1. Once you place label points 7 Å from the Cα toward the Cβ at I11 and Y41, how far apart are they in nm?
2. What does the C-alpha gyration tensor say about the overall shape of segment 10-151? Classify as rounded when a/c is under 1.5, otherwise prolate if a/b is larger than b/c, or oblate.
3. Please work out how much length the chain gains when fully extended from R93 to Q32, using 0.36 nm per residue of separation minus the C-alpha to C-alpha distance, in nm with one decimal.
4. I need the Kirkwood Rh of segment 25-96: take the reciprocal of the average 1/r across all distinct C-alpha pairs and report it in angstrom.
Amino acid sequence: MREVISLQTTIFLLVLIGYVVKRKKIIGPQGQKNLTDLVIYVILPCNILKAFMAGQAGKNLKNYLVILGISIAIQIFCTFYGKIVYRKEAVGRQKCLEYGTICSNAGFLGNPIAEGVFGAEGLVLASFFLIPQRIMMWSAGLAVFTGSTDRKATMKKSADPSVHHSMCGRTDFHAWKNKAAVRDRRGNLGVGEL
């Protein structure tokens, strides 16, 4: 319980700092975009790969597939739910409500919370859970606002770095483990070779 309170306090303080920094115009719009890009393209993918290295990725494939299946089912349900429940809303409001139903903010807040509460294994499970959500965010979620049905463009956009690193994390994990196994059989390899 103490860990959860500590984690929530940290997140609250970071949100408060972000609010103050924006309010005092310490960081402008370009700086905000740069920080967002840093999180999406560098920090989040590195965090996911780190979790695969620290977790028990090789032993829990069944759990990962189950969590992936649950996530796919939730995304399918949310897509249809959003289209049915919000169809009588004003167009602008309908789009926002639909998008909010398809894409929660778990993609940004979920990973740090999962890692803080459940450790590396929680982060790996959260990363697998978020694969369908991120694909939906960049496909169906984007189509909600743009009205685009171009599947080729949609698939290009669904190549989100976090999806890529979640899917490739298992491969990277095995490559890393195999080098560790070679090191154990041959003696110590140099750190640079790992």
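1. 2.7
2. Because a/c hits 1.5 or more and a/b fails to exceed b/c, segment 10-151 counts as oblate.
3. Details: separation 61, 0.36 × 61 = 21.96 nm, distance 2.58 nm.
Length gained between R93 and Q32: 19.4 nm.
4. On the way: mean 1/r = 0.0616 Å⁻¹.
16.2 Å is the Kirkwood radius here.
Laboratory data are not the source of any read-out in this text; all were calculated from the coordinates shown. Owing to the predicted nature of the structure, the values given are computational and were not obtained by experimental measurement. So basically every Cβ, Gly included, is an ideal-geometry build from the backbone, and we count neighbours across all protein chains shown.
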